[in-house]
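What follows is a single structure, written as structure tokens, with notes after it.
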Amino acid sequence: MNRRPFLAARCSLGTLAALGVLAACSPKVPTVPGPETPELLTRLRGHLVMAQPRGGIVRVSFPGGATAVVRAAAGSEATAFATVHSLSGPDEEGRIAYVEDHFFTAEEKDRKHQLKTIQLDGSKDTVHIERAGSPLAGAAGGKGRIGRYLALSPRGGKVAFVTGLEGRQMPDALLQEGTLEVVDLATATSKVVAEHVVDQPLAWLPDGKRLLHVVLLAKTALPAGSVGQQGPGTLELAWEQVPAVHVLDLETGTSSYLCVGSRPIAAADGKSVWVGAWQSRAKLTWVNVGMDGKHGKLTTIPGDANGLIAAEPTGLLLDWAWPTAGAQSGMAGEGTPMLCIKAVDPGTQQFVTLLPQIDPRSSLSFGASR
């Protein structure tokens, strides 16, 4: 599934809150105390896939950390080229789903976006859905047609995304809300499955039949004793409507409430969900919630920079994180510090860096190997 962090800059300008709009200043980059535990790398099996500037996609495979180009980026001499708006995967069949944006084209009339898949080895680059205009909100010819997050099911060949975004102003945060669509890759058909879904990370459960998504729910409508009501989520629980994780069953078409919170990540065994909740405009806490929605365990993630990526089968969490003390840090752009990607054992609090420096605006996903 596609993941981007919500980075909160620690500076006088602050942030626009929970959706992580980057502050235009030069923050001091936090660090997390070491030491690291390299032995964790032997447990990791899978592929990190990342969008690159000018339309490229690369993968980093574990164990070993070998890097390979999946899709070559346009050369520096090119003036008309497609870019990767968002990506997700790989799934069990080794496919990566991505949205290709033809905004940087020679003619405005040719602007379009396509939902495509490509194999990890770069083969079978296939168009499944094509629509006119750029997917970017605010772009010429773009109407927020596809949100920031894409979710490819681990099995079953389904891709989910939010379309037709409209702003919802909340205290300290501007949320984006739209229609949830699911595309069947086998038939190249799209179906609207839910309305008024917040543009936050979407997460498939391992069966590929149930999809976690976030909607705004009136606080008065929350079931008594909801996980998150009395603990994490201090910022959001002050709102009249709060983000709430729901489970959509595609076979029955029913959507059921799970818990308060946002940014859901499904555990690899499908028995629990990692859910983020905002304690303040700059800090997320994470709760591991059982699929009964009645039990939640608060979890600390060392060096978390507000963005879990995946929960892999051996129990490791992949996380957008601050660098370990002593490691090199840098800036991705004006006021935007580089982050790193870490694998974390939430039980022992051990961690290891997988990627030492990455632009937090990058689109990135992880798929476990079987």
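Cα extents for region 26-161 along the principal axes, largest to smallest and rounded to whole angstrom: 53, 44, 30.
To the nearest 10, the accessible area of residue 166 is 130 Å² with a 1.4 Å probe. Mind grabbing the base-10 log of I(q)/I(0) for region 100-201 at q = 0.22 Å⁻¹? Debye formula, identical points on the C-alpha positions, no solvent, two decimal places. Per q value, in the given order, log10 I(q)/I(0) is -1.21.
How big is D for region 87-135, in µm² s⁻¹ as a whole number, if Stokes-Einstein is applied with the Kirkwood radius of its Cα pairs at 20 °C and 1.002 mPa s?
Rounded to a whole number, D works out at 188 µm²/s.
If you sort 295, 85 by accessible surface, 1.4 Å probe, largest first, the order is 295, 85.
For residue 124 and residue 220, a Förster radius of 35 Å and the Cβ-Cβ distance give a FRET efficiency of 0.10, rounded to the nearest 0.05. In this structure, the residue pairs whose Cα-Cα separation is over 22 Å, taken from 158/219; 158/294; 158/342; 124/158; 116/271; 112/191, are 158/219; 158/294; 158/342; 116/271. The separation of region 318-370 from region 78-124, counted between C-alpha centres, amounts to 24 Å.
Using the Cα gyration tensor of the chain, with a ≥ b ≥ c the square roots of its eigenvalues, what is the shape: rounded (a/c below 1.5), prolate (a/b larger than b/c) or oblate (neither)? The shape class here is rounded. The equivalent ellipsoid that matches the C-alpha gyration tensor of region 228-368 spans semi-axes of 27, 18, 15 angstrom, in descending order.
Counting heavy atoms of the protein chains alone, residue 234 has an accessible area of about 80 Å² for a 1.4 Å probe. Against the criterion of solvent-accessible heavy-atom surface with a 1.4 angstrom probe, 251, 181 sort, most first, into 251, 181.
With both labels modelled 7 Å from their Cα along Cα-to-Cβ, the residue 234 to residue 298 distance reads 1.0 nm. Ligands, DNA and RNA left out, the accessible area of region 324-370 computed with a 1.4 Å probe is 46% carbon and sulfur.
You can think of it this way: the chain between residue 169 and residue 252 has 26.7 nm of extra reach, that is 0.36 nm per residue less the Cα-Cα gap.
Largest first and in whole Å, the equivalent-ellipsoid semi-axes of region 143-218 read 23, 13, 9, each the square root of five times a Cα gyration tensor eigenvalue. By the gyration tensor of its Cα atoms, with a ≥ b ≥ c the square roots of the eigenvalues, what is the shape of region 177-242: rounded for a/c under 1.5, prolate for a/b over b/c, or oblate? Here region 177-242 falls in the prolate category.
Solvent-accessible surface of region 72-220, averaged per residue with a 1.4 angstrom probe and all protein chains in place: 42 square angstrom. Remark: region 246-354 carries 37 Å² of accessible area per residue (probe radius 1.4 Å; ligands, DNA and RNA excluded). Based on Cα contacts under 8 Å between residues 6+ apart, region 217-370 shows a relative contact order of 15 percent.
When restricted to Cα atoms, region 182-297 yields an Rg and a Dmax of 14.2, 45 Å, respectively.
Could you give the alpha-carbon Rg of region 311-370 over 2.2 N^0.38 Å, rounded to two decimals?
So region 311-370 has a normalised radius of gyration of 1.21.
Could you please state how large a percent of the accessible area of region 144-302 is carbon and sulfur, counting protein chains only and using a 1.4 Å probe?
Numbers: 3230 of 6390 Å².
Roughly 51 percent, rounded to a whole number.
The values are calculated or read from the model by the stated rules, or taken from the named source; none is laboratory data. Not measured: the values here are computed from a predicted model. Cβ: placed from backbone, ideal geometry, glycine included. Neighbour counts: every protein chain shown. Each accessible area value is taken on the protein alone, full model and side chains, heavy atoms only, with ligands, DNA and RNA left out. Shrake-Rupley method; radii C 1.70, N 1.55, O 1.52, S 1.80 Å.
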